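J.: Shown below is the structure under consideration.
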Amino acid sequence: KHNLSNLDNLGNVLIRSDLNVPIKNGEITDNFRILKSVEILESILDQSRTITFTSHMGRPNGKDLNLSLRPVAESMSDFLGKEVCFIEEVFGEKVEEQIEKSESKIFLLENLRFEKGEIENDKDFSNLITKPFNSYIFDAFGAAHREHASVVSFGENLESFQGPLMDKEIHELDRLLNNSESGYAVLLGGAKISDKLNLIEKLLPKVEYLMVGGGMCFTLLKALGHEIGRSLLEESFISKAEELLNSRFGKKIILPIDFGVTDSIDSSVRENVKLDDFKNNHIGVDIGPQTVSNFRKILKKSNNIFWNGPMGIFEKEAFSYGTKEITEIISNSSAYTCIGGGDSVSAINKFSDKKNFNHISTGGGASLEYLEGKKLPGVNKYKSLIIW
């Protein structure tokens, strides 16, 4: 149970959460971030006059109602069993009036990124949006790597705090960042190696094994001179991949030795081939059974596991084998398991259960940048709201 620090009254509270959830045909397909974001209410409800959540959703270019937060307000209301009043604006008289006059105590503002002042870190925008509030809680780790107004300047106008989700993310990721135990394994997947080269470089000295699957492994395999057919390749990163593989810690990188391949990613036909049998018309869409077996041996003897990114195009059943197997192996592990958000969470939703993992990061890109050792603009900017 968290104990609130010595604050008698937070007044009208503004909370920057990360409610950027996937929506398909107007329906939320994964409400994990919503459920995590509303946990704070248990700690601050009695100390607040009103509580107003604010968040971005996607990358709208101006006002795009397909990216409205209205469905999020409805989901929050359903989950909490009390009304979360949706306000169609981000700032101005309408916002002030609703907060003052509504019988609701909990509110959600419209998508922050409908206003260019958010992305441009406009101080006038910050002044306008924070005007009705007495205190500010920054609790959006998924946005902590952005120099946006809600990250760096809202808090300059109010009594401001770092929220409990932020604290938890930092605490868990620091465990990996500062890890000195033996048996530390990292598994990386996903499409592009360019997104994760800096992370690989940062983690290699600390880990015992760094396994790579997904589309990103093919640039590394090409750097080693292997035939990869028509698989995903980032040619401009081949030389950087060579440097990593030939570095002092390059032997820690474990690559797939067999694959699920197809002639077309639109097809549902899959064939398993060894790396040496790759043909020039093959497209690698998954890791194969021998690779799963190799990865399993490493994961089973590991004490700490960080996983980010699927092993293939797992959304298609024919190409989902590797990601499904890896999900099950890690979910049954007795190691400390930390998942780096994004598509890995989608895989867990499909093949396992979130409660089988020690920590699932709510911020994909932010967690990777933090583990790279970058100083993020929104991390430890404010004093903690919660005493742990």
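J.: Taking the Cα centre of the stretch 48-197 as origin and charging only Cβ (+1 Lys, Arg; -1 Asp, Glu), how large is the dipole, in debye to the nearest 20?
T.: Values: 17 positive and 27 negative charges, 70 e Å.
Roughly 340 debye, rounded to the nearest 20.
J.: Using modelled backbone amide H atoms (1.01 Å from N, in-plane), which distant-in-sequence or interchain residues come within less than 5 Å of residue 384's amide H?
T.: 162
J.: For n ≥ 4 DSSP H runs only, could you compute -39500 (n - 2.57) per run for the chain, divide by its residues and tell me the 222 nm figure to the nearest 500? Don't skip to the end; give the middle numbers.
T.: Numbers: 15 runs with 123 residues, N = 388.
Calculated at 222 nm, the ellipticity per residue is -8500 deg cm²/dmol.
J.: Would you kindly compute the Cα radius of gyration of the stretch 202-266 and its largest Cα-Cα separation (Dmax), both in Å?
T.: For the stretch 202-266, the Cα-based Rg and Dmax read 12.5, 40 Å.
J.: With +1 on the Cβ of every Lys and Arg and -1 on the Cβ of every Asp and Glu, and nothing else charged, how large is the dipole of the chain about its Cα centre, in debye rounded to the nearest 20? Walk me through the numbers on the way to the answer.
T.: On the way: 46 positive and 56 negative charges, 248 e Å.
Charge dipole of the chain: 1180 debye, to the nearest 20.
J.: Residue 297: accessible area at probe 1.4 Å, nearest 10 Å²?
T.: Rounded to the nearest 10, the figure is 130 Å².
J.: For the stretch 163-202, what is the accessible area per residue in Å² when the probe is 1.4 Å?
T.: Per residue, the stretch 163-202 has an accessible area of 37 Å².
J.: Which of 309, 362, 81 sits farthest toward the positive end of the charge dipole of the chain, with +1 on the Cβ of Lys and Arg and -1 on the Cβ of Asp and Glu?
T.: Looking along the dipole axis, the top candidate is 309.
J.: Could you pull out which residues in the stretch 355-372 have an amide N less than 18 Å from a spot 7 Å beyond the Cα of residue 147, following the Cα-Cβ vector?
T.: From the stretch 355-372, the list is 366, 369-370.
J.: Calculate the spin-label point distance for residue 356 paired with residue 201, positioning each point 7 Å from the Cα along the beta-carbon direction, and give it in nanometres.
T.: It is 3.6 nm.
J.: Taking the Cα centre of the stretch 1-92 as origin, sum charge times position over the Cβ atoms of Lys and Arg (+1) and Asp and Glu (-1), and report the length of that vector in debye to the nearest 20.
T.: Here the stretch 1-92 has a charge dipole of around 220 debye.
J.: Let me ask something else about it. Taking all protein chains together and a probe of 1.4 Å, list 263, 30, 122, 46 from the most accessible to the least accessible.
T.: 46, 263, 122, 30
J.: Still on this model: For the stretch 233-388, with the dipole built from +1 on Lys and Arg beta-carbon atoms and -1 on Asp and Glu ones, taken about the Cα centre, which of 268, 298, 245 lies farthest toward the positive end?
T.: Of the listed residues, the answer is 298.
J.: Shifting gears a bit: Projected onto the charge dipole of the chain (+1 at Lys/Arg Cβ, -1 at Asp/Glu Cβ, origin at the Cα centre), which of 99, 322, 191 gives the Cα projection farthest towards the positive end?
T.: Positive-most Cα among the choices belongs to 322.
J.: Show me, bin by bin at 5 Å from 0, the whole-percent P(r) of the stretch 90-183 based on Cα pairs.
T.: Bin by bin from 0 Å, the calculated values are 2, 12, 18, 22, 17, 11, 7, 4, 3, 2, 1, 0.
J.: Still on this structure, I have one more. Greater than 24 Å separation of Cα atoms is the criterion. Which listed pairs, 63/123; 192/240; 202/354; 316/374, meet it? Display every interim value, and only then the final one.
T.: Working: 63/123 20 Å; 192/240 13 Å; 202/354 27 Å; 316/374 35 Å.
Beyond 24 Å between Cα atoms: 202/354; 316/374.
J.: Assuming 0.36 nm per residue, please report the length gained on full extension of the stretch residue 233 to residue 180 beyond their Cα-Cα distance.
T.: On the way: separation 53, 0.36 × 53 = 19.08 nm, distance 3.36 nm.
Fully extending the segment from residue 233 to residue 180 adds 15.7 nm.
J.: Mind pulling the per residue volume of the convex hull built on the Cα atoms of the stretch 215-308? Å³ is fine.
T.: In the stretch 215-308, the Cα hull volume divided by residue count equals 115 Å³.
J.: Tell me, what is the per residue accessible area of the stretch 218-267 in Å², probe radius 1.4 Å? Numbers along the way, then the final one.
T.: Numbers: 2680 Å² over 50 residues.
Per-residue value: 54 Å².
The values are calculated or read from the model by the stated rules, or taken from the named source; none is laboratory data. Bear in mind that the values here come from a model prediction, so they are computed numbers and not experimental data. In this analysis, Cβ positions are derived from the backbone assuming ideal geometry, glycine residues included, and neighbour counts consider all displayed protein chains. For accessibility, only protein heavy atoms count, side chains too; no ligands or nucleic acids. Shrake-Rupley method; radii C 1.70, N 1.55, O 1.52, S 1.80 Å.
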